[in-house]
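Bear in mind that the values in this text are calculations on the coordinates, not laboratory data. Here the structure is a predicted model, which is why all the values come from computation and not from measurement. Neighbour counts run over all protein chains shown; Cβ positions are idealised from the backbone, glycine included.
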Amino acid sequence: MKREIPLFVCVVSALAMIIAYYSPKLDWMDDMLQKWFLIIAVFAFILGAISIILVNGNRISKQVPGWGYNVVLLIGLFVTLGLGIFGGIDPKTPFFYIFTYIFTPLSATMFSLLAFFIASAAFRAFKAKTWEATLLLIAAFIVMLGRVPLGELMWSWLPVLKHYSLNNLVENWIMGCFNTAGQRAILLGASVGLISISLKILLGIERPYMGGE
Amino acid sequence: MSFFEKINKLDKRIIFLILALAVIIPLIFPLKVLPSISKPVRSVYDFIEKLSEGSNCVLCFDYYATTTVECEPAARAVARHLLSRNMKIVTYSLIPDGTTMSMRVMKEVGDDLGKTYGVDYAVLGYKTGTMIAIKSFDEDVYSTFPNDAYGKPVEELPIMKNFRNARDVAFLFTVADNASINYHIMMDFSEKHIPVAGSCTAVSAPELYPYLNSGQLLGLLGGLRGAAEYEVLINHPGIGIKCMDAQSIAHFTIAFLILISNVAYFMTFRKGKKK
């Protein structure tokens, strides 16, 4: 029964959604299932919060190396949650200040570090060792320099090439032609793959919702 | 050890330092080089210019705090353009971070242009469920968002009087750092025929070109560059243009680093072959 019930729920829900989509007479079912989904999805947040508390609480109780970070994380969670629930999230509330002046700059800083790692990785690995790598390198150079105003300015100084717009070359040719063709192929391939995976889930052949079984 | 061998073994901390300087110096001493306008950005601007005054527009804040620096300038520029043309803006978000982000951006832009909350714009906040949330919003705004982000019933907001479902929307613009633009294309453009345009991080922009090419996406502001172009179009230089100088120098620095690493690689490779 542990396998059959989740499988039954999954197959029935999926079939109901598909039938409701194609049948105007079953609009009421579509609306009802949508509302159910929105309500169930909210519980994922509660589940997430419980999971964070359990995982970090466990690490703190066992005092594993770096457990101090888990304490900071839990303090951050409870303080932000408490301020948000009891103080609101409007501008000029403590929650708003935490979000704007602590969370946002910290998140942006973590993301910005990527640029440094990419620069270092590109320096070490981006070598024109083969014909394909050389082609990729040339395209990357044109896009990288063509997408910034300084690149366009320098292009306009070149004797013959200045008559051709660098922006046009990047937009219409590299992005609009070669890139679009490649992206479209990927998109169509991925969509076909998605349909086949959906069918497998619908038929109960794939059961990722049962813990990767 | 020869010069090229030293280059090949360059400490990554030196690369980090060079890149940091390449970003910081132009922010202190800006070059003030303006970008040219690309077709996908021009399309968005032209469409808004042609919209009749007072049209209902939706602005979606679908980006996380991590990409604020890259995404927010576009949100600000488009919000400013819409409000300056007296459009009515309703914002919502498919990302939890979006609520606070939209509150801040809309308040700052709205106050700057002398617009009133609830009359000229409204912030509805976050709704979980991505595509289902979009579908629900398109079918009935009131039941999807009974209250706005400030907890006020949406029925009490004057702007919401003529804003009940997708049929009342003249234009939708989404600022996203994830697949939200694709969802809006599927749900809003394909099903409800709402003109959809968007802004995304520069790294995601190439994925959206097939939609631009097919006409499903009206226009696109790709990364900071797209925002800078839009700021030029609305004649209001902001953070997008300022940051483009830093991005210009950073791109040139990375290109130069790749170039010298290739020269060093081939010089040492040739030397090794001779031996």
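Annotations for the structure displayed:
- Tilt relative to chain B, helix B:205-214 - C-alpha long axis, 0 to 90 degrees, to 10: 50
- Under the Karplus curve 6.51 cos²θ - 1.76 cosθ + 1.60, θ = phi - 60°, whole-Hz ³J(HN,Hα) for segment B:38-47, x wherever Gly or Pro sits: 8, 4, x, 6, 4, 4, 4, 4, 4, 5
- Per-residue 3J(HN,Hα) values for segment A:66-71, derived from phi via the Karplus relation 6.51 cos²θ - 1.76 cosθ + 1.60 with θ = phi - 60°, read x, 5, x, 5, 5, 5 Hz in sequence order (x marks Gly and Pro).
- Intensity falloff of segment A:127-213 expressed as log10 I(q)/I(0), Debye formula with alpha-carbon point scatterers, at q = 0.13, 0.26 Å⁻¹: -0.64, -1.21
- Low-density loop cleavage sites - trypsin sites (Lys or Arg not before Pro) in segment A:1-107, where at most 11 other Cβ are within 10 Å (DSSP): A:K2, A:R3, A:K92
- With a 10 Å cut-off around each Cβ of A:28-37, the average count of Cβ atoms from other chains is 3.
- Computed P(r) (all Cα pairs; segment A:1-67; 5 Å bins; percent): 3, 14, 13, 14, 14, 12, 9, 8, 6, 4, 3, 1
- Spin-label pair A:A49/A:K2, simplified geometry with 7 Å Cα→Cβ offset, distance in nm: 3.0
- Simple spin-label estimate for B:A179 and A:S156 in nanometres, 7 Å along Cα-Cβ: 4.1
- Relative contact order [Cα under 8 Å, 6+ residues apart], segment B:106-229, whole percent: 18
- For B:S199, residues with placed amide H under 5 Å, excluding near neighbours: B:T174, B:V175, B:A176, B:L221
- Computed from point charges on the beta carbon alone (+1 for Lys and Arg, -1 for Asp and Glu), the dipole magnitude for segment B:39-237 about its Cα centre is near 240 Debye.
- Fraction of C-alpha pairs exceeding 26 angstrom in chain B: 47 percent, rounded to a whole number.
- Residue-by-residue Karplus 3J(HN,Hα) for segment B:19-34, coefficients 6.51, -1.76, 1.60, Hz, glycine and proline x: 5, 4, 5, 5, 8, 6, 4, x, 6, 7, 10, x, 8, 6, 8, 8
- Less than 5 angstrom separates the built amide H of B:L217 from those of B:L212, all sequence-distant by 5 or more or on a different chain.
- Cα-centred dipole magnitude for segment A:1-67, charges only on beta-carbon of K, R (+1) and D, E (-1), debye, nearest 20: 420
- Signed unit charges on C-beta, dipole axis of the protein assembly as shown, positive-most listed residue A:F99, A:A115, B:H236: A:A115
- Label point distance in nm, B:E53-A:L114, each placed 7 Å from Cα along Cα→Cβ: 4.3
- For segment A:1-75 versus segment B:128-173, the inter-centroid distance based on Cα atoms is 24 Å.
- Computed from point charges on the beta carbon alone (+1 for Lys and Arg, -1 for Asp and Glu), the dipole magnitude for the protein assembly as shown about its Cα centre is near 2180 Debye.
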